[in-house]
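The values are calculated or read from the model by the stated rules, or taken from the named source; none is laboratory data. Just so it is clear, the structure is predicted and the values come from calculations on it, not from any experiment. Don't worry about glycine lacking a Cβ; one is built from the backbone with ideal geometry, like all the others, and counts go over all protein chains shown.
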Amino acid sequence: MHWIAYALAGLFALLGLGCLALVLIGLPGLWLMVGLAAALELADAWLLQDPGGVSFGWGAIAIAAGLGLAGEAVETVAGAAGSRLGGGTRRGMAGALVGGLVGAVAGTLLLPAPLVGTLAGALAGTFAGAWVGEATGPEARGRAHNLRAAFGATVGRLGGTLGKTALAAVAWVLLVRAAFRI
């Protein structure tokens, strides 16, 4: 490999770590990582025409995209399963979704540590949204039920986020190994 290829692979590895942080806070970091790898692959193939350049291979990029789809499924299923296991209704799950989004934005703005603030805000918002959704429903079942459903939704959200982040880390390792041809 040429030194420029090593430099690009190293830059990709660093940007990929940033993308992992984005996944942890609920942003589409894995998709950005896959897009960056595809862009570098295309640049190697058509613009640079360098057979020794940074080349991930379309197979590795496809596997990373598959891991992204699996991560989305894990996040969705874990959040819904957590709410269901807590006895939540559809209204509570909708409240958890909206609350999680609002909480992530509020946490980012209010807490000084961006990663911690966003994740903490998302979890707090998920809890509050699920609780409000359950408490204001036509079939309100009481405070204990609302708390159990909100706690289940929050644990599910956390589990889904961690599962998706783990799959993103696997995709990052796969792409970095492919870039450095390890």
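Hey, F12 hits all of (1) modelled with pLDDT under 85; (2) crowded, with 20+ Cβ neighbours inside 10 Å; (3) of a type in the set (F, W, Y) but one; which does it fall short on? With respect to (1) modelled with pLDDT under 85; (2) crowded, with 20+ Cβ neighbours inside 10 Å; (3) of a type in the set (F, W, Y), F12 is out only on (1). G117 meets the conditions (1) touching a helix residue (DSSP H, G or I) at 6+ places or on another chain (Cβ under 8 Å); (2) in contact (Cβ under 8 Å) with a residue 12 or more places away in the chain in every case but one. The failed one is (2). Can you find a residue that is charged (D, E, K, R) and either buried (at least 23 other Cβ atoms within 10 Å of the Cβ) or in contact with a helix residue (DSSP H, G or I) (Cβ under 7 Å, 6 or more places away or on another chain) (or both) anywhere in the stretch 142-156? So far as the stretch 142-156 goes, no, none of its residues is charged (D, E, K, R) and either buried (at least 23 other Cβ atoms within 10 Å of the Cβ) or in contact with a helix residue (DSSP H, G or I) (Cβ under 7 Å, 6 or more places away or on another chain) (or both). Screening the stretch 71-85 for residues that are surrounded by fewer than 23 Cβ atoms within 10 Å (Cβ to Cβ) and at pLDDT 85 or above and picking the one that is nearest to A144 (Cα to Cα) gives L85.
Please determine whether any residue of the stretch 119-126 is among the aliphatic types (A, V, I, L, M), more than 30 Å from F12 (Cβ to Cβ) and more than 24 Å from the chain's Cα centre (by Cα). No, the stretch 119-126 has no match at all. With respect to being under 17 Å from the mean Cα position of the chain (by Cα), among the acidic types (D, E) and either on the phi > 0 side of the Ramachandran plot or part of a helix (DSSP H, G or I) (or both), E134 falls outside the description. Close contacts from the stretch 1-25, counting a first residue that is in a helix (DSSP H, G or I) and a second that is modelled with pLDDT under 80 and crowded, with 17+ Cβ neighbours inside 10 Å, with Cβ to Cβ under 8 Å and a gap of 6+ residues or different chains, come to I4/G53; A5/G53; A5/V54; L8/G53; L8/V54; A9/V54; F12/V54.
Per this entry, L22 is counted among residues that are under 15 Å from A169 (Cβ atoms), among the hydrophobic types (A, V, I, L, M, F, W, C), at pLDDT 80 or above and crowded, with 17+ Cβ neighbours inside 10 Å. Residues that are of a type in the set (D, E, K, R) and buried (at least 23 other Cβ atoms within 10 Å of the Cβ) are absent from the stretch 91-111 altogether. Just one of the listed residues (V98, V173) is under 30 Å from A9 (Cβ atoms), in a helix (DSSP H, G or I) and among the hydrophobic types (A, V, I, L, M, F, W, C), namely V173.
Considering every residue within the stretch 144-163, establish whether at least one is over 19 Å from the mean Cα position of the chain (by Cα), part of a helix (DSSP H, G or I) and among the basic types (K, R). Checked the stretch 144-163: at least one residue is over 19 Å from the mean Cα position of the chain (by Cα), part of a helix (DSSP H, G or I) and among the basic types (K, R).
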